[in-house]
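Trainee: Starting off with a structure, shown below.
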């Protein structure tokens with residue numbers, strides 16, 4: 001019993017339990033009150049009627065005396081003398097049928113004899129409910145007299161208060177008992193299953209995204225009622241949501257992998273800034289750069305090489321060579337533009353500004369010459385490169401709607417291409433604009449004016465070697481720092 005009581009009291013911490021208990025308790029109180037109030041007034045009236053029965057004894061005495069022909073004078077005094085000390089009769093008035101008072105004793109009733117009509121007994125309770133008057137009409141006394149008797153009703157009120165307290169206490173006991181039984185029954189069939197379902201819902205909220213679903217308490221419930229159906233529906237819903245979330249996560253992971261592949265592929269084709277801009281804009285993307293350095297490199301006698309190797313071997317060889325060039329460009333912050341057959345094109349100074357783009361581009365040319373030495377022809381001789389470089393303004397961007405590529409346009413690009421095509425094998429030829437930016441850092445050989453196709457005569461320079469000596473003049477060093485900044 002103690003464990004049941006402790007368990008039931010513990011359940012009162014549940015809001016649902018408290019609401020149910022409160023409504024059950026108040027409902028019982030309300031029903032008992034509805035039943036008790038009429039019962040109270042009915043019992044109260046019965047007690048007052050008992051007082052009327054006492055006054056009827058006085059009525060019978062007076063009526064008998066009148067029928068025997070006795071004189072009514074002094075009759076009430078005789079009745080008063082015969083009353084017991086604890087009698088509830090406190091007074092009486094005897095009147096003629098016309099309302100004239102004949103005799104009285106004790107407390108005077110509040111009912112007026114003239115107000116008493118034949119054939120109707122009149123009663124009146126005082127405002128303080130301490131006195132109760134009963135008026136007997138003249139037809140009860142041979143149509144000669146009217147008798148009014150005053151009673152002490154204080155005992156009735158005291159008794160009714162005790163009655164109300166007893167009934168109220170009984171109602172409380174019944175309400176508490178019924179409520180306790182209700183909560184014990186509800187504990188087994190409703191409250192505990194609902195609390196378990198609540199805990200399972202909380203657990204489901206935290207575990208819906210986990211790989212392994214939890215063991216729910218409601219799974220062990222084998223109920224055939226509505227609550228069992230709710231528990232079954234909840235578990236089926238959780239399994240469905242969990243499965244859909246798992247499938248969605250797998251799809252998102254697969255999509256993320258594919259998206260990363262697409263992003264990587266896009267970034268291999270286009271610079272990062274251009275790729276991001278292309279995602280947000282539709283149409284041609286072009287930007288003008290006032291200064292950039294363009295490099296063209298071409299493998300010497302590639303046509304003859306192609307006749308000595310199978311197409312597959314040739315492509316694999318070019319892939320190795322150009323992959324090595326790509327690594328050099330990435331390390332120097334340069335942007336590879338494209339390859340055309342055995343030609344390789346790279347630019348410095350775009351799409352992100354680079355103050356030392358000319359120097360970085362020439363450094364790449366030097367490293368390309370060094371790297372190409374590690375690749376051998378079928379006869380064991382090394383590969384040879386012809387490289388041309390020019391610096392000038394260009395327009396760079398992406399055009400078209402299919403097979404995007406980042407490309408350059410402008411006269412500076414054409415001159416760089418001519419520097420390569422009119423260059424010398426195994427040497428790096430630069431235009432005068434590039435020479436002017438690098439002459440204090442590197443040693444160049446003045447090749448003099450040479451005839452360039454489509455351009456006439458142009459002054460060009462061939463790189464001799466890196467300048468390793470300390471710069472000769474402080475002013476030259478200052479100009480170098482300014483160029484770099």
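Quick note: the coordinates plus some simple rules give every number you see, no bench work behind them. Nothing here was measured: the structure is a model prediction, and the numbers come from that model. Methodologically, a virtual Cβ is constructed for each residue, glycine included, from the backbone with ideal geometry; neighbour enumeration extends over all protein chains shown.
Trainee: In the range 320-338, what residues are under 17 Å from residue 396 (Cβ atoms) and either assigned to a strand (DSSP E or B) or in contact (Cβ under 8 Å) with a residue 40 or more places away in the chain (or both)? Quick ask: steps written out before the conclusion?
Mentor: First pass over the range 320-338, keeping only residues under 17 Å from residue 396 (Cβ atoms): 329, 333-338.
Within the range 320-338, 335, 336, 337, 338 qualify.
Trainee: If a residue has to be more than 14 Å from residue 321 (Cβ to Cβ) and surrounded by fewer than 17 Cβ atoms within 10 Å (Cβ to Cβ) to count, how many in the range 367-396 make the cut?
Mentor: Residues that pass the stated criteria total 6.
Trainee: Can you tell me which residue in the range 184-206 is surrounded by the fewest Cβ atoms within 10 Å (Cβ to Cβ), limited to those that are in contact with a helix residue (DSSP H, G or I) (Cβ under 7 Å, 6 or more places away or on another chain) and more than 19 Å from residue 25 (Cα to Cα)?
Mentor: Across the range 184-206, the extreme among qualifying residues is 199.
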